[in-house]
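Just below is one structure, and these are the notes that go with it.
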Amino acid sequence: MPDFPDAMPKAPRRIEAAALDALRLTPDGARLVLDLSDAAGGKMTLSLPASSLDALLQAMPPSLPRGAGHALETWTMTPAENGRDVILTLRTSEGLALSLAVTSWQAESMATLVAFRRRDGRAKSLH
């Protein structure tokens with residue numbers, strides 16, 4: 001154990017912000033500065049490299065109006081490693097992608113619903 005208390009490793013500090021008071025770039029554009037408030041009204045500032053903005057945005061789900069969805073551009077189905085399921089990957093023109101492990105009966109059910117959709121155009125649901 002070190003002789004100097006300052007040399008002790010410190011656990012990461014978790015910041016629980018209740019509000020984002022301000023968001024700005026530094027004048028040189030190198031850092032993203034967030035002014036935050038906690039539930040007790042305490043103020044703190046978090047400064048991140050501006051290059052981390054892409055990572056922050058990627059972590060956020062896209063916001064869509066209620067009932068809307070992203071248009072599907074491409075999809076692929078590939079065998080899963082377990083040899084039973086398939087991996088269904090859906091891609092949008094915005095670059096979003098979602099891969100799902102799908103059982104064979106789920107894939108067959110989706111195909112059946114499309115093939116035998118209602119004559120009035122309303123979608124059927126099978127769970």
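Assorted remarks:
- Scattering profile of the stretch 72-115 at q = 0.31 Å⁻¹ [log10 I(q)/I(0), Debye over alpha-carbon scatterers]: -1.04
- Local charge for K43 was computed over the other residues whose Cβ lies under 11 Å away, with Lys and Arg +1 and Asp and Glu -1, and equals -3.
- HN-Hα J in Hz across the stretch 37-50 - Karplus 6.51, -1.76, 1.60, θ = phi - 60°, x for Gly and Pro: 10, 8, 4, 8, x, x, 9, 8, 10, 10, 10, 10, x, 4
- In nm, spacing of pseudo-spin labels at R84 and T112 (7 Å Cα→C-beta vector): 1.9
- A simple count of charges around L72, restricted to other residues whose Cβ falls under 13 Å of its Cβ and scoring Lys, Arg +1 and Asp, Glu -1, yields -1.
- Dimensions in Å of the stretch 17-59 - Rg and Dmax from alpha carbons: 11.2, 33
Bear in mind that the values in this text are calculations on the coordinates, not laboratory data. The model shown is predicted, which means the values in this text are computed figures rather than measured ones. Methodologically, a virtual Cβ is constructed for each residue, glycine included, from the backbone with ideal geometry; neighbour enumeration extends over all protein chains shown.
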